[in-house]
Amino acid sequence: MENEILTVTGLFDSHAHYFDRRFEQETDGADLILENEVFSKGIEGVINIGTNSKTNRLCIEQARKYDKMFVAVGIHPEDVICTENIEEDIKDLYSLVDNIEKRKKNKIVAIGEIGLDYHYEGYQKQLQFEYFKRQLELAAELDMPVVIHDRDAHGDCFDIVTEYKNVKGVFHSFSGSAEMAKELVKRDWYISFSGVLTFKNARKTVEVAECIPLEKILIETDAPYLAPHPYRGRIKHSGLMYLTAQRLAEIKSTSIENVISATSKNAKDLFRI
Ligand SMILES: [Zn+2]
């Protein structure tokens, strides 16, 4: 892509998983990508998102190497099945974030990703509820923003987050309705779009982007997942995010520069960077 270097500058990736083994299995490794395709090309920031006690720590370790990488720690709804020991898990999570000095040192800026996922058969709804609520309580107690994962669970996710009026954050790779997005924005939540926005069948997501203000939008890769068109199905990294920004600029009838500066500012405001 000819203009990649120009258009990547200033982008903020609000959601990525650079600890994921796919980077080692399918590329030369996350470090080379981060050095050659991401930070050297002007990416303004990346939130490296943990999903369980092990990956939370991998995220922290990785972020030590890069000035512009920050961390979210949490227990993903699909990971609750592996552990099922909620007291131990919450205690462990708490130990990573319980004081501000520790958070600063480890560059932890949010609790996430947390939420509900009803996609695969056999999901444990009650257990997911418990983990979700305990982590929202933690965010409320520590006054930290949250990163929400909501797959096929829109109604329950909305009801639960709105129970916690003091907790705010972002719904990542949003897949709910335009109506739901508007209600969330009314309550000061952010909505984040991934490469899904560029897919040909993304009509519903495009509709969401049309009806909420740019001031409440973040963009993300969800790397290594959700690569944008025309890279769909391939491994994703933050350097490809300009394609999502470009699509958003088209939808909002504005310039890509405007999209980049607005979404970057929004991410920094939300994560207090
Ligand atoms: Zn994710």
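Observations
- Residue selected from segment 37-71 under the condition under 21 Å from VAL146 (Cβ atoms) and among the aliphatic types (A, V, I, L, M), by the criterion nearest to the ligand (Cβ to nearest atom): ILE49
- Residue check, TYR242 of a type in the set (Phe, Trp, Tyr), within 29 Å of ARG103 (Cβ to Cβ) and either within 16 Å of the ligand (Cβ to nearest atom) or in contact (Cβ under 8 Å) with a residue 40 or more places away in the chain (or both): no
- Count - residues of segment 174-201 that are of a type in the set (S, T, N, Q) and either more than 16 Å from the ligand (Cβ to nearest atom) or part of a helix (DSSP H, G or I) (or both): 3
- Within segment 50-77, being surrounded by 24 or more Cβ atoms within 10 Å (Cβ to Cβ) and among the small types (Gly, Ala, Ser) holds for GLY50, ALA72, GLY74.
- Test set (1) buried (at least 19 other Cβ atoms within 10 Å of the Cβ); (2) within 16 Å of the ligand (Cβ to nearest atom) - LEU248 fails condition number: (2)
- Restricting GLU210, GLU141 to residues that are more than 16 Å from the ligand (Cβ to nearest atom), in a helix (DSSP H, G or I), more than 23 Å from LEU248 (Cα to Cα) and acidic (Asp, Glu) narrows the list to GLU141.
- Looking only at residues in segment 213-234 that are at pLDDT 90 or above and not in a strand (DSSP E or B), the one that is surrounded by the fewest Cβ atoms within 10 Å (Cβ to Cβ) is PRO213.
- Qualifying residue in segment 126-142 (condition: touching a residue at least 60 places away in the same chain (Cβ under 8 Å) and surrounded by 15 or more Cβ atoms within 10 Å (Cβ to Cβ)): yes
- Residue within segment 77-85 that is within 17 Å of ARG21 (Cβ to Cβ) and more than 18 Å from the chain's Cα centre (by Cα) present: yes
- Meets criteria (surrounded by fewer than 18 Cβ atoms within 10 Å (Cβ to Cβ), of a type in the set (A, V, I, L, M) and either farther than 15 Å from ASN106 by Cα or in contact (Cβ under 8 Å) with a residue 12 or more places away in the chain (or both)) for ILE47: no
- Qualifying residue in segment 114-121 (condition: in a helix (DSSP H, G or I) and closer than 17 Å to HIS17 by Cβ): no
- Residues that are more than 16 Å from the ligand (Cβ to nearest atom), modelled with pLDDT under 90 and within 19 Å of the chain's Cα centre (by Cα), drawn from segment 4-32: VAL8
- Considering the conditions (1) within 16 Å of the ligand (Cβ to nearest atom); (2) surrounded by fewer than 18 Cβ atoms within 10 Å (Cβ to Cβ), PHE171 is excluded by exactly one of them, (2).
- Scanning segment 125-138 for residues that are within 16 Å of the ligand (Cβ to nearest atom) and not hydroxyl-bearing (Ser, Thr, Tyr) yields a count of 3.
The values are calculated or read from the model by the stated rules, or taken from the named source; none is laboratory data. What you see is a predicted model, and the numbers here were worked out from it, not measured in a lab. Positions of Cβ are backbone-derived with ideal geometry, glycine not excepted, and every protein chain shown enters the neighbour counts.
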